[in-house]
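Only one structure is covered here, and it is reproduced in the block below.
The values are calculated or read from the model by the stated rules, or taken from the named source; none is laboratory data. Just so it is clear, the structure is predicted and the values come from calculations on it, not from any experiment. Heads up, the Cβs are rebuilt from the backbone with ideal geometry, glycines too, and the neighbour counts pull from every protein chain shown. The area values use the complete protein model at the heavy-atom level, side chains included, leaving out ligands, DNA and RNA. Shrake-Rupley method; radii C 1.70, N 1.55, O 1.52, S 1.80 Å.
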Amino acid sequence: KYGTNAYPTYLFISADEKMIYSASGYTEADKFISYGKSALNKSSIQFEKGTWKDIVSKAKRENKPIFLDCYTTWCGPCKQMNNTVCTHPEMAEYFNSNYINAKVDMEKGEGLKLKEMFGINAFPTYVYIDVNEVVVNKIVGSMPAEEFLRKSQEGMSENGLSAMQKRYSSGERDESFILQYLRTLEMANMIKDARIVAEGLFKSTDQNNFKNKEYFRHFLSYMEDPDSDLFKYVYKNRGEFYNLYPQDVIDRKLRS
């Protein structure tokens with residue numbers, strides 16, 4: 001099954017019986033231990049031990065960002081992500097190669113300080129932090145490994161939270177950017193910020209755009225002013241919206 005043709009051979013195998021790493025032949029202890037380290041590096045995200053200060057110092061020495069897994073012991077999705085996503089080989093390779101990885105219980109020890117420092121209010125939350133302890137990106141919630149890896153990579157690009165915050169602060173208001181920025185803020189569970197951005201969208205865009213599903217989703221999530229022109233437009237034309245979206249959802253929003 002594993003193509004073994006020499007002895008001794010050492011196989012490192014995942015729980016689903018996939019080969020992670022192999023080595024063969026006699027070797028001294030230090031090299032033999034390195035086989036195990038290589039296998040671990042390929043099989044799951046390796047989280048650092050030590051204090052937050054130790055982790056930041058290592059990040060500065062190696063000039064790597066920090067990946068911080070914020071969890072609690074009672075959080076079911078945290079356990080699910082730990083058991084499935086964090087043990088995915090592609091995840092292991094990406095995070096072990098590019099980050100200093102830390103995993104902290106937000107309800108004890110240094111976790112209490114870090115929870116406040118990075119604005120953690122839901123679990124699991126994954127924070128991507130530069131060597132100066134500035135948040136570059138944030139992802140909240142559980143998802144499949146492939147999706148998490150894609151969002152992690154996107155988050156460290158010009159489409160990441162930090163980059164988009166700077167673009168918004170500098171005055172960028174292109175609607176395609178605003179819609180993407182809202183998705184990024186929601187992914188980070190930054191609902192107050194998303195509401196401010198959405199309110200600007202309500203005032204600036206063509207009201208007919210809210211017949212589009214993504215626009216109307218933001219109306220449902222963030223519209224709070226019944227005196228606004230957009231609210232009056234939706235109310236006046238609610239018959240048209242009933243043909244596009246469930247009537248009970250629209251009526252519930254209008255009543256609230």
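Of the residues 239, 200, which is farther than 30 Å from residue 142 by Cβ, within 31 Å of the chain's Cα centre (by Cα) and not aliphatic (A, V, I, L, M)?
200
Can you tell me which residue in the range 166-213 is farthest from residue 128 (Cα to Cα), limited to those that are among the charged types (D, E, K, R) and outside any helix (DSSP H, G or I)?
206
Those residues that are part of a helix (DSSP H, G or I) and either in contact (Cβ under 8 Å) with a residue 60 or more places away in the chain or not aromatic (Phe, Trp, Tyr) (or both), I need them from the range 214-226; list them, please.
Across the range 214-226, the qualifying residues are 214, 217, 218, 220, 221.
Just to be sure before I move on: is residue 69 closer than 23 Å to residue 155 by Cα and modelled with pLDDT of 95 or more in the structure I sent?
When the stated conditions are applied, residue 69 passes them.
Matching residues to (1) within 28 Å of the chain's Cα centre (by Cα); (2) not in a helix (DSSP H, G or I):
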| position | (1), (2) |
| --- | --- |
| 10 | no, yes |
| 33 | no, no |
| 55 | yes, no |
| 80 | yes, no |
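Out of the residues in the range 98-121 that are over 24 Å from residue 149 (Cβ atoms) and assigned to a helix (DSSP H, G or I), state the one that is least open to solvent (accessible area, probe 1.4 Å).
Here the residue is 111.
With 67, 47, 95 as the choices, which residue is open to solvent by less than 60 Å² (accessible area, probe 1.4 Å), assigned to a loop (DSSP other than H, G, I, E, B), at negative phi and among the hydrophobic types (A, V, I, L, M, F, W, C)?
Testing whether each residue is open to solvent by less than 60 Å² (accessible area, probe 1.4 Å), assigned to a loop (DSSP other than H, G, I, E, B), at negative phi and among the hydrophobic types (A, V, I, L, M, F, W, C) leaves just 47.
Being in contact (Cβ under 8 Å) with a residue 40 or more places away in the chain, surrounded by 11 or more Cβ atoms within 10 Å (Cβ to Cβ) and not in a loop (DSSP other than H, G, I, E, B) narrows it down to one residue among 37, 42; which is it?
42
I'd like to verify a number: residues in the range 12-31 that are in a strand (DSSP E or B), of a type in the set (Val, Ile, Thr) and either in contact (Cβ under 8 Å) with a residue 60 or more places away in the chain or over 26 Å from residue 88 (Cβ atoms) (or both), how many?
1
List every residue pair whose Cβ atoms sit under 9 Å apart, with the two residues 6 or more apart in sequence or on different chains, where the first one lies in the range 104-126 and is within 19 Å of residue 136 (Cα to Cα) and the second, anywhere, is open to solvent by 80 Å² or more (accessible area, probe 1.4 Å) and assigned to a loop (DSSP other than H, G, I, E, B).
Cβ pairs passing all conditions: 115/107; 115/121; 123/74.
Could you list all residues from the range 227-249 that are open to solvent by 80 Å² or more (accessible area, probe 1.4 Å) and in a helix (DSSP H, G or I)?
Passing the criteria: 229, 232, 235, 236, 240, 247, 248.
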